[in-house]
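K.L.:
The structure under discussion is supplied below as structure tokens; questions concerning it will follow.
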Amino acid sequence: MLGAIGATPIVRLERIAEPGAGEVWAKLESFNPTGSYKDRMALAMIEVAERDGRLRPGQTVVEYTGGSTGSSLAYVCALKGYPLHIVTSDAFALEKRRTIEAFGAQIDVIPSPEGITPDLLPRMMARAWEVVAETDGFATDQFNNPDVTDGYAQLGQEILEQLDGRVDAFCTYIGTAGCFLGVTRRLRADLPEVVRVGIEPAESAVLSGGDAGTHRIEGGGVGFWPPLLQPSDLDEVHAVSTADAFAMARRAAAVEGLWSGPSTGANLTVALSLAHRLGSGARVVTTLVDSGMKYLAGELYASG
């Protein structure tokens, strides 16, 4: 089952791209076993730590997460036999917490009814480190773990193979920056001119030099600059509002059949803008990061 991670399809948007604009391609990461690209990252964090001896057999793995990393770690740890303790929050989709529990992990839930606030991740991180001390656990510590890029380098390799080595720009929403860095470094190795575009919430546009704020685009916008990311890694940063990300996610599902969450809505918003700017003949790639199945209990697909 671990071998089911990766090798996901890539599709071209056919209905919502503007006439005369460049091509927009979306990597369908919802085809991974837990429905998220975080499966790649979780497997890399565990297997690299196994190889270098940091993770002992039977040791408790501990992580703070909005949910998808937790779901992916729960999947990997269940298959490999590691106990898992996740620190998350009620600011994130209920379905993600239920998935974590389905794979047998233990959960601490940090309340944050206002949404994803600037102090939420620091509170989650602090509790996770308490759990590490209490359990003599192994902290995957996704925001500070350079192993996160390993799994995403393969994603970049798949893009190159599927698109015959022709990519003009890559954009994706930034959380840990693992996907952004893993993919863009692999693309740049073959395509030095590829444009690397990071995406963040307009309400918490820290990468753009703005103030941290509250938003509802899960998977990023944590209120601080990700430690693994350097300014030189970015060619551009685009900010997308929660309202626009939600609207695009709904539109992509209804018009293109691309069913996902708010961060993918942000990805598609920026990808379409880049395709319009770069024009006919250009090729823009982004990620459909997870499945809309993870957001049915929340406001994204609420009917009224």
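The values are calculated or read from the model by the stated rules, or taken from the named source; none is laboratory data. It should be emphasised that the depicted structure is a prediction, and the values quoted were computed from it without experimental measurement. A quick note on method: Cβ atoms are made from the backbone with ideal geometry, for glycine too, and the neighbour counts reach across all protein chains shown.
K.L.:
I'd like to check something: does region 186-203 contain any residue that is under 24 Å from Pro113 (Cβ atoms) and more than 16 Å from the chain's Cα centre (by Cα)? Break it down into steps so the answer makes sense when it comes.
P.N.:
Residues of region 186-203 that are under 24 Å from Pro113 (Cβ atoms), as a first pass: 200-203.
So of that shortlist, the ones also more than 16 Å from the chain's Cα centre (by Cα) come out as 202-203.
Yes, the conditions are met somewhere in region 186-203.
K.L.:
Is it true that some residue in region 279-289 is of a type in the set (A, V, I, L, M, F, W, C), over 25 Å from Thr69 (Cβ atoms) and assigned by TED's automatic domain parsing to the domain that holds Ile159? Before you say what the answer is, go through the steps one by one.
P.N.:
The initial filter retains those residues of region 279-289 that are of a type in the set (A, V, I, L, M, F, W, C), namely 282, 284-285, 288-289.
Next cut, over 25 Å from Thr69 (Cβ atoms) only: 282, 284.
After this cut, where a residue has to be assigned by TED's automatic domain parsing to the domain that holds Ile159 as well, the list is 282, 284.
Within region 279-289, one or more residues are of a type in the set (A, V, I, L, M, F, W, C), over 25 Å from Thr69 (Cβ atoms) and assigned by TED's automatic domain parsing to the domain that holds Ile159.
K.L.:
Six or more apart or on different chains, Cβ atoms under 8 Å: show the pairs whose first residue is in region 187-199 and without any contact (Cβ under 8 Å) to a residue 12 or more places away in the chain and whose second is in a strand (DSSP E or B) and among the basic types (Lys, Arg).
P.N.:
Hits for this filter: Arg188/Arg196.
K.L.:
Still on this model: How many residues are farther than 29 Å from Ile159 by Cα and of a type in the set (A, V, I, L, M, F, W, C) if we restrict to region 194-223?
P.N.:
Of the residues in region 194-223, 1 are farther than 29 Å from Ile159 by Cα and of a type in the set (A, V, I, L, M, F, W, C).
K.L.:
Which of the residues that make up region 109-134 are surrounded by fewer than 16 Cβ atoms within 10 Å (Cβ to Cβ), in contact with a Ser or Thr (Cβ under 8 Å, 6 or more places away or on another chain) and not β-branched (Val, Ile, Thr)?
P.N.:
Correct list: Pro111, Glu114.
K.L.:
Can I ask one more? Can you name the residue in region 269-299 that is modelled with pLDDT of 95 or more and part of a loop (DSSP other than H, G, I, E, B) and, of all such residues, is surrounded by the fewest Cβ atoms within 10 Å (Cβ to Cβ)?
P.N.:
Gly281
K.L.:
Output the residues belonging to region 110-160 that are farther than 27 Å from Glu29 by Cβ and among the acidic types (Asp, Glu).
P.N.:
Those that are farther than 27 Å from Glu29 by Cβ and among the acidic types (Asp, Glu): Glu114, Asp119, Glu130, Glu134, Asp136.
K.L.:
Tell me which helices (runs of 4 or more DSSP H) are completely within region 17-135 and hold 3 or more residues being closer than 23 Å to His215 by Cβ and within 15 Å of the chain's Cα centre (by Cα), or say none if there are none.
P.N.:
On the way: elements: 38-52, 68-80, 94-102, 120-135.
Result: 68-80.
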